[in-house]
Amino acid sequence: MDPQKEARTPGDPVARPPASRSPTPIEEERWEGGAGPAAAALEEEADRASADGLWELPVEPAERRPECSRCSRPQKVCLCPFLPVHPLHISTHLYIIQHPAEESKVLRTVPLLAACLPRDRCKVKIGRRFSEERDPELSTVCRKSGTLILYPGAEAANLEDFILDSPIYPSTIIIIDGTWSQAKDIFYKNSLFRLPKQVQLKTSISSQYVIRTQPTNRCLSTLECAAVALSILEKNSYIQETLLRPLQALCSFQLQHGAQIRLSKEHLLKNGLYPKPMPKNKRKLRKMELLMNSVKI
């Protein structure tokens, strides 16, 4: 270790070498009046020590606004009046696989979803990589014949059609929470998630999560996916209406306080409103072209 580079604790003042500069007119007057360079240097050293003392002052941490224990929203904008009085009675087990980046987002929808459902029916697992060693419970769930995973693709069956033909009625559904690139990474880099039957939603409804930009007009938020999927599995449209109510309230509140409606990238590209230059990367450019031509990616 270099002896000149000594370790210091966070509380130690930072040593600064004296600056080399020409004397100011005021300092020259002090020297001419008999104070001399030595006295001026002592005064300057005292000023520097006083400034260094500022580094030792305690820094107050930023205060977080008190949050509601049920909806996880700040108490001043609590959405509990829009949640069901009691958790919805469902027989389906829902597992949300949440990318770590989603946990810190302010306008996330998973806490609202979890607040509407019984705790023993809705579990949130946070992470990027899952295995039998890391999560034996999830591994067991993925190996059960009654488990589905909601992820679109060429191999995915339409959920409504699947439950009509399946000899075993599904008891569990897994949904990935994250951006499309994050969800893709989680799905393809975790072999556990290719064990359940892959299904997708074929619905004509547009997302009501209008304060967040979606890739296409057909993309839904995690809460909306869960609302539609659970209403199909439980054969109860009231579930979808109940789960969407707090999302509608969240978007309405944000729009009333300065937020703007976010149109999908597909809409912006088709109408020549996309604000950014087209990407130079061929793969990203191809995705943009597919969006403009309404081709599923």
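The values are calculated or read from the model by the stated rules, or taken from the named source; none is laboratory data. What you see is a predicted model, and the numbers here were worked out from it, not measured in a lab. Cβ atoms come from the backbone with ideal geometry, glycine included; neighbour counts cover every protein chain shown. The accessibility values were calculated without ligands, DNA or RNA, using every heavy atom of the protein model including side chains. Shrake-Rupley method; radii C 1.70, N 1.55, O 1.52, S 1.80 Å.
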Seminar exercise, completed: For ASP177, other-chain or 5+-apart residues with amide H closer than 5 Å (H placed, Pro excluded) are ILE97, GLN98, HIS99
Exercise. Each residue of the range 98-110 in order: what ³J(HN,Hα) in whole Hz does its phi give by Karplus 6.51 cos²θ - 1.76 cosθ + 1.60, θ = phi - 60°, with x for Gly and Pro?
Worked result: 9, 5, x, 5, 6, 4, 9, 6, 6, 9, 7, 9, 4
Exercise. Between LYS189 and VAL85, what is the label-to-label distance in nm when each label sits 7 Å out along the Cα-to-Cβ direction?
Worked result: 4.7 nm
Problem set entry | Dipole of the range 77-181 [Lys/Arg +1, Asp/Glu -1 at C-beta], most positive-end residue of LEU94, LEU79, GLY178 | LEU79
Exercise. Per the Kirkwood formula on distinct C-alpha pairs, the Rh of the range 83-262 is how many angstrom?
Worked result: 16.8 Å
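Quick one: with all protein chains in place, what share of the accessible area of the range 83-262 is carbon or sulfur, to the nearest percent (1.4 Å probe)? Can you show the working numbers first?
Numbers: 4430 of 8910 Å².
That share works out to 50 percent.
How much length would be gained if the chain were fully extended between ALA157 and LEU107, taking 0.36 nm per residue of separation minus their Cα-Cα distance, in nm to one decimal? Intermediate results must be reported in sequence, preceding the final value.
Working: separation 50, 0.36 × 50 = 18.00 nm, distance 3.05 nm.
Full extension from ALA157 to LEU107 adds 14.9 nm.
So if R0 is 30 Å, what FRET efficiency would VAL77 and VAL124 give, r being the distance between their Cβ atoms, rounded to the nearest 0.05?
Values: r = 22 Å, r/R0 = 0.73.
Efficiency, from the Cβ-Cβ distance: 0.85.
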Seminar exercise, completed: For CYS122, the residues 5 or more places away or on another chain with a placed amide H closer than 5 Å to its own amide H are LEU94
Seminar exercise, completed: One finds, for LYS270 and SER204 with R0 = 22 angstrom and r their Cβ-Cβ distance, a FRET efficiency to the nearest 0.05 of 0.80
For this session: May I ask you to derive the FRET efficiency for SER145 and TYR238 from their Cβ-Cβ distance with R0 = 22 Å, giving the value to the nearest 0.05?
Result: 0.20
Exercise. How do 263-276, 226-239 rank on mean C-beta neighbours within 10 Å, highest first?
Worked result: 226-239, 263-276
Seminar exercise, completed: A chain fully extended from LEU255 to TYR169 at 0.36 nm per residue, minus the present Cα-Cα distance, gains in nm 26.9 nm
